[in-house]
Amino acid sequence: MSEPDEIYEKLIEKIRSYHPSDNLEMVERAYQLAKKAHESQFRKSGEPYIIHPLAVACNLADLELDIESIVAGILHDVVEDTDYTLEDIERLFNKEIALLVDGVTKLGKIQYASQNRQLQKEEIQAENYRKMFLAMAQDIRVVLIKLADRLHNMQTLKYMKPQKQKEIAEETLSIYAPIANRLGICKIKVDLEDLSLRYIQPEVYYDLAHQIASKRKERVQYINHIVDQIKAKVEEAGIEAVIEGRPKHFFSIYKKIVNKNKTLDQIYDLFAVRAIVKTVKDCYGVLGIIHEMYTPIPGRFKDYIAMPKPNMYRSLHTTLMGEEGTPFEMQIRTEEMHRTAEYGIAAHWKYKEGKTDKGVKDRSEEKLTWLREILEWQRDMSDNREFMSALKGDLDVYADQVYVFTPKGELLTLPQGSTPIDFAYQIHSGVGNKMVGAKVNGKIVTIDYVLKNGDRVEILTQGNAKGPSRDWLNIVKSAQARNKINQWFRKQYKDEDILRGKELLEIAAKQRGYNLSYLTDSAVVDVICKRYGMKAWSGICAAIGYGTMKERQIIQKLIDETLKVKKELVPPTIVEVHSENTPVPRPHRHSSGIVVKGVGDIAVRFSKCCGPLPGDDIIGYITRGRGVSIHRADCVNILNMPPEEKERLIEATWQEGKEAMIKRTYVTEIQITCLDRLGIIVDISKILSDMKLPVKSLNAKTTKSNAIFNVKVEISDIYQLEELIRKIEAVRDVLEIIRVNS
């Protein structure tokens, strides 16, 4: 039996351990299809690719998910990496599985033609997370499959290059582990965190592992002794319970060492015991027994049964002083609470003859209020950096909560450090916008008062209140309150923001050599609006005017889309017609295609330091005896020129009118960094050949893993260069393209 077949047999065993039906024919068909589709593909480890989707399916079976999820896990890469289509999946299986596969496929990366690679990376990451939350709203199983996929990728990360290992681990720790936490899936969360730590800080990870292993035998003996004592007392009280020791995962220990500046021996819950009982009454019964047996440490008791965490986690936590002065943590929960703690939202996919219990699923989704909040405020955050910052804050695994009450006794959960403003916006945006003050426990407090557990909060409002102050944005702690305040300001000053946004766009367009009207055809605008989730162009302008979106970023997208629609870019400023009533001076023209203001017959040459092209903003420099040297306006030599030399700068522009249409070419150089793979130079050369661009020189060098090509080509203008860069960026394994300054 081959290794994939062995893994498949293990998968079937896992499914049968919890699934009530013996009919797993659909799983078998999915395996055979995926095995055939991925037949010629291999992972970086050298293993057959089919092992990966099988491992993903096994991770999903560990969560005891439904058959549809298992099948989608097996097929999750088929549409993206093979010739099979979604229509094939729907025809061969069913629509539900096709939708799950489509959802996972859409979480893949999208490409942009941005020349700024760091910005591109942030945009891709932000776009993926936006799509992830939209996928959650449609069917949360899509994200469960994605988490299972990421877990196996982390488990096999050792086959990647060190830099890639660190990048993937950091992304996992900042987003995927927190999402698993907010979904309550402890089984996946702890594995993702520990694996991330191994690759982000390997020395710390292995040192910690060594320290824990060195005293493992003593710790096991100690914890087993405590377990035996508690078992005896609980049985004596007639309570049916499973008492067991539990290991503390490395990342949790590491965070406590770092955040609380403690040594390993000072971590209270390094020794941990868990009691799983039948009823909530039994939970409190066991709590009373162990508090009689051991001395509880003050301030270390938490009742997550009465006040559950936002991710549905419920349990009693208490820290006790054991024998010989060694503290240990005790967790007490029912079987249902334990299942929810381990599987989170996945615990709610039950079976009725192999079918998902929709009623249970719907009830569980009611608890995902944080997801609905994210879906609400992400629509108003067009700027990716703002979105990512708010998202990471909202997903913060280690953010503590504060529990406060409304005047009617309703319990609200807020982030630690929240103020009455956060409380007001948690109730409703209308309450926050009309807030003029607050009372806590019957006494007037300032709006920046930090709420404490058990506080009873009353918000004072006025119908004619002027609304929130911008200063509130520096006071609030929750992403929800911050977003609702921003929404109010956007609505209040929308008209002003739209006008300001249009002005900024017009300026940015002119800097690139365009009239804005040329770049805003209805077809192009529709694409841009859809890309940023806006209903109308006015929304884009308002976001720019408000400052949550960058005008240069939008102009670049407009240029890219205009190129696709119009096939070529002709900057309208070249054919701009002056009013007949406006006297137009006759500047001096040169065969170079440059117009130099106020200068007679003088030589004009192009600087080699920055290689200006038609379409670039340019400026002239009067040299000593060599005429006028033309530079790009952003040339580093111009920007760093001594003040006394700046007197030699003179206005220069590109020639307009019919004479501008004379075909001229200019030599420019680009540097292409790519993975060193066989055939990549052929791919790049084909693009140069198809565009009929004469190559003046081509130099290549290699590093440990990359190839770097410096190519000098004859280009007619900046727009042709942008088209060349866009096409080369689309070549597989191209990492970066920059325009070279000599």
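The values are calculated or read from the model by the stated rules, or taken from the named source; none is laboratory data. This structure is a prediction, so every number in the text was calculated from the model and none was measured. Glycine gets a Cβ as well: all are built from the backbone with ideal geometry, and neighbour counts include every protein chain shown. All accessible areas refer to the heavy atoms of the entire protein, side chains included, with ligands and DNA or RNA removed. Shrake-Rupley method; radii C 1.70, N 1.55, O 1.52, S 1.80 Å.
Looking at segment 535-568, which GluC sites (Glu not before Pro) are DSSP coil and have at most 11 other C-beta atoms within 10 Å of their C-beta? Intermediate values should be presented prior to the final figure.
Numbers: sites: Glu551, Glu561, Glu568; in loops: Glu568.
Sites meeting the loop and neighbour criteria: Glu568.
Which residues in segment 325-344 place their backbone N less than 15 Å from a point set 7 Å from the Cα of Thr295 along the Cα-to-Cβ direction?
Only 325-328 fall inside the zone, counting backbone N under 15 Å.
May I ask you to compute the full-extension gain from Lys255 to Glu458, defined as 0.36 nm times their residue separation minus their alpha-carbon distance, rounded to one decimal in nm? Can you show the working numbers first?
Details: separation 203, 0.36 × 203 = 73.08 nm, distance 3.59 nm.
69.5 nm is the gain from fully extending Lys255 to Glu458.
Using the per-residue mean of other Cβ atoms lying within 10 Å as a proxy for protection, in what order, highest first, do the peptides 70-76, 229-235, 204-210 fall?
Working: 70-76: 29.6, 229-235: 15.9, 204-210: 13.9.
Ranked by mean Cβ neighbours within 10 Å, highest first: 70-76, 229-235, 204-210.
With respect to the cross-link table entries Lys452/Lys484; Lys408/Lys443; Lys408/Lys491; Lys256/Lys408; Lys494/Lys557, which display a Cα-Cα separation exceeding 27 Å? The partial results should precede the final answer.
Working: Lys452/Lys484 23 Å; Lys408/Lys443 16 Å; Lys408/Lys491 32 Å; Lys256/Lys408 37 Å; Lys494/Lys557 23 Å.
Among Lys452/Lys484; Lys408/Lys443; Lys408/Lys491; Lys256/Lys408; Lys494/Lys557, the Cα-Cα distance tops 27 Å for Lys408/Lys491; Lys256/Lys408.
Using just the alpha carbons, could you tell me how many Å³ per residue the convex hull of segment 138-267 encloses? Before the final figure, lay out each step's value.
Values: hull volume 19.9 nm³, N = 130.
Residue-normalised Cα hull volume stands at 153 Å³.
Could you tell me the calculated FRET efficiency between Asp676 and Glu6, based on Cβ-Cβ distance and R0 = 35 angstrom, to the nearest 0.05?
Numbers: r = 36 Å, r/R0 = 1.02.
Using R0 = 35 Å, I get an efficiency of 0.45.
Around Ser69, under 11 Å between beta carbons, what's the net of Lys plus Arg minus Asp minus Glu among the other residues?
Local net charge: -4.
When only alpha-carbon atoms are used, what values of Rg and Dmax, in angstrom, describe segment 420-463?
My reading of the Cα-based Rg and Dmax gives 9.6, 30 Å.
Report the local net charge at Leu11: Lys and Arg +1, Asp and Glu -1, summed over other residues whose C-beta lies under 12 Å from its C-beta.
Values: positive: Lys10, Lys14, Arg16; negative: Asp5, Glu6, Glu9, Glu13, Glu28, Asp62.
Charge balance in the 12 Å sphere: -3.
What net charge is computed for the residues neighbouring Leu197, neighbours being all others with C-beta under 12 Å from the C-beta of Leu197, Lys and Arg scored +1, Asp and Glu -1?
Numbers: positive: Lys166, Arg198, Lys255; negative: Glu170, Asp191, Glu193, Asp194, Glu203, Asp207.
Overall, the nearby charge balance is -3.
Would you mind computing, in nm to one decimal, how far apart the modelled labels at Val695 and Tyr159 are, each placed 7 Å from Cα along Cα→Cβ?
In this crude label model, Val695 to Tyr159 measures out at 3.4 nm.
I'd like the Karplus ³J(HN,Hα) series for segment 420-430: coefficients 6.51, -1.76, 1.60, θ = phi - 60°, whole numbers in Hz, and an x wherever there's a Gly or Pro.
Whole-Hz 3J(HN,Hα) from phi for segment 420-430: x, 5, 4, 4, 4, 6, 5, 6, 5, 4, x.
Cα-Cα over 24 Å: which of Lys477/Lys535; Lys550/Lys646; Lys14/Lys187?
Working: Lys477/Lys535 30 Å; Lys550/Lys646 31 Å; Lys14/Lys187 16 Å.
Too far apart for the 24 Å limit: Lys477/Lys535; Lys550/Lys646.
Carbon-plus-sulfur fraction of the accessible area of segment 661-742, 1.4 Å probe, in percent?
Values: 2320 of 4420 Å².
Of all accessible area on segment 661-742, carbon and sulfur atoms account for 52 percent.
Using the beta-carbon distance between Asp526 and Phe42 and R0 = 45 Å, what value does 1/(1 + (r/R0)^6) give for FRET efficiency, to the nearest 0.05?
Working: r = 42 Å, r/R0 = 0.93.
Efficiency, rounded to the nearest 0.05: 0.60.
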